[in-house]
Every structure is written in structure tokens, then in C-alpha cells.
Amino acid sequence: MYPTAAKLVAALAFAALAWWVTDLVKPNLPQGTPMDWLAPVSAAVGAVMGWRVMGRRAGRGYVAAAGFGLTTAVAIVFWVLLIWAGYEMLQRSMDLYYDGPVEALESALALYMDYALLLVPGPPLPSLAVGAVLCGALAEWVARRAS
């Protein structure tokens, strides 16, 4: 629960990775999609997940760090997609787009899947995977040097 150098480095590294992958996803987004808050929110989620998921597990070896880095990347993708699908569902709800709450939740799930498919074409997923392993290794390196 206490701050460590590995947690700080993991938070900064995964925030940068999330921002970078978000920039790689932007060309896959539909024309006219507002992108003002996309990268900053993704980076904030990356920082939190880097601190909480990778940071607290750093110091267990480089092989484990690669796995924890990938786990952190999956957590980032999960939460970012959930945030943006939920946000879009709430925007549509305020425009009275849905007939009821069940339809809104079904739509949020469909939006989640649609947004997840935006990661597939091009370099976002491979870049995320390689970057997550490198960020995990960096956090492990810092954990070994700082302890």
C-alpha cells in the first residue's frame, strides 16, 4: 500500500503506453469521433493500473514481470473500453435513445465489443503487447535497483 519507486515507474510507463496505443487506435475510429479526452483518460487509467497491478507485483523476476505487464495491459484495455462504452451509453440515454435500462445496458455491451474491435486492425494490439512486456521489465529493473 505504500509508494515505491517501482510503482511510480510502472504508473508512468503504463500511462505513456496507454497514451501511445490510443494514438495508434485513433485512425481506426469513425470519422467525426470526438477525441479530446480519449488519450488523457486512457493514460490516467494506464497510470492507475500500472501502479495497482504492475507496481505491487514488481520484484518477482523478469519472466513474472512480462506476465504481469501483459496482465496490466489487459486491465487497462478492459477499463478503458468500459469507460468509453459507458460514456457513450450515457450520452445516448440523455438523448432518449433507449426505451429502457435493459436496452441501454445491452447497447453498452455492444458498444464495448465494437470498441474492442477497433484494436484489431493495424499495430495497436502488437504494440500494446510488446510495450506491456517492456514496461513490466522496466518496473522489474527499478524494483531490483531500488530495493
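Take the conditions of a type in the set (Ser, Thr, Tyr) and surrounded by 14 or more Cβ atoms within 10 Å (Cβ to Cβ) and apply them to Tyr97. Does it pass? Break it down into steps so the answer makes sense when it comes.
On the way: of a type in the set (Ser, Thr, Tyr): yes; surrounded by 14 or more Cβ atoms within 10 Å (Cβ to Cβ): no.
Here the answer is no, as Tyr97 does not meet what is asked.
Where residues in segment 25-47 are touching a residue at least 60 places away in the same chain (Cβ under 8 Å) and of a type in the set (A, V, I, L, M, F, W, C), which of them is surrounded by the most Cβ atoms within 10 Å (Cβ to Cβ)?
Step one: filter segment 25-47 for residues touching a residue at least 60 places away in the same chain (Cβ under 8 Å), giving 25, 27-29.
Then keep just the ones that are of a type in the set (A, V, I, L, M, F, W, C); that gives 25, 29.
Values: Val25: 24, Leu29: 13.
Applying the filter and picking the extreme gives Val25.
Test Val74 against the stated conditions and say whether it is of a type in the set (A, V, I, L, M), under 15 Å from the mean Cα position of the chain (by Cα) and surrounded by fewer than 16 Cβ atoms within 10 Å (Cβ to Cβ). Steps first, please.
Details: of a type in the set (A, V, I, L, M): yes; under 15 Å from the mean Cα position of the chain (by Cα): yes; surrounded by fewer than 16 Cβ atoms within 10 Å (Cβ to Cβ): yes.
The answer is yes for Val74.
Among the candidates Ala47, Ala13, Ala18, which residue alone is of a type in the set (Gly, Ala, Ser) and either under 10 Å from Ala139 (Cα atoms) or at pLDDT below 95 (or both)?
Ala13
I need the full set of residues from segment 134-146 which are buried (at least 18 other Cβ atoms within 10 Å of the Cβ) and not acidic (Asp, Glu), in order please.
Cys135, Gly136, Leu138, Ala139, Val142, Ala143
What do you reckon, is Thr22 farther than 30 Å from Ser147 by Cα, of a type in the set (Val, Ile, Thr) and free of Cβ contacts under 8 Å to residues at least 12 places away in the same chain?
It is false that Thr22 is farther than 30 Å from Ser147 by Cα, of a type in the set (Val, Ile, Thr) and free of Cβ contacts under 8 Å to residues at least 12 places away in the same chain.
Out of Ala6, Ala13, which single residue is in contact (Cβ under 8 Å) with a residue 12 or more places away in the chain and under 17 Å from the mean Cα position of the chain (by Cα)? Talk me through it step by step, then tell me what you get.
On the way: Ala6 fails: under 17 Å from the mean Cα position of the chain (by Cα).
Checking each option against the conditions leaves just Ala13.
Which condition number in (1) touching a Ser or Thr at 6+ places or on another chain (Cβ under 7 Å); (2) surrounded by fewer than 23 Cβ atoms within 10 Å (Cβ to Cβ) is the one that Tyr2 fails?
Single failed check for Tyr2: (1).
Picking from Gly86, Gly50, which residue would you name as being closer than 18 Å to Ala11 by Cα and surrounded by 14 or more Cβ atoms within 10 Å (Cβ to Cβ)?
On inspection, the qualifying residue turns out to be Gly50.
Restricting the search to segment 105-123, which residues are assigned to a helix (DSSP H, G or I) and buried (at least 16 other Cβ atoms within 10 Å of the Cβ)?
If the condition is that a residue be assigned to a helix (DSSP H, G or I) and buried (at least 16 other Cβ atoms within 10 Å of the Cβ), then Ser107, Ala108, Leu111, Tyr112, Tyr115 are the ones that fit.
Evaluate the following for Arg60: is it basic (Lys, Arg), over 11 Å from the mean Cα position of the chain (by Cα) and within 23 Å of Val142 (Cβ to Cβ)?
So Arg60 passes the test.
Can you list the helices (runs of 4 or more DSSP H) lying wholly within segment 1-104 that have 2 or more residues being hydroxyl-bearing (Ser, Thr, Tyr) and closer than 19 Å to Val130 by Cα?
62-94
Considering only segment 92-130, how many residues are over 17 Å from the mean Cα position of the chain (by Cα) and free of Cβ contacts under 8 Å to residues at least 24 places away in the same chain?
So the answer is 18.
The values are calculated or read from the model by the stated rules, or taken from the named source; none is laboratory data. As the structure is a computational prediction, the values presented were derived from the model and not from experiment. Positions of Cβ are backbone-derived with ideal geometry, glycine not excepted, and every protein chain shown enters the neighbour counts.
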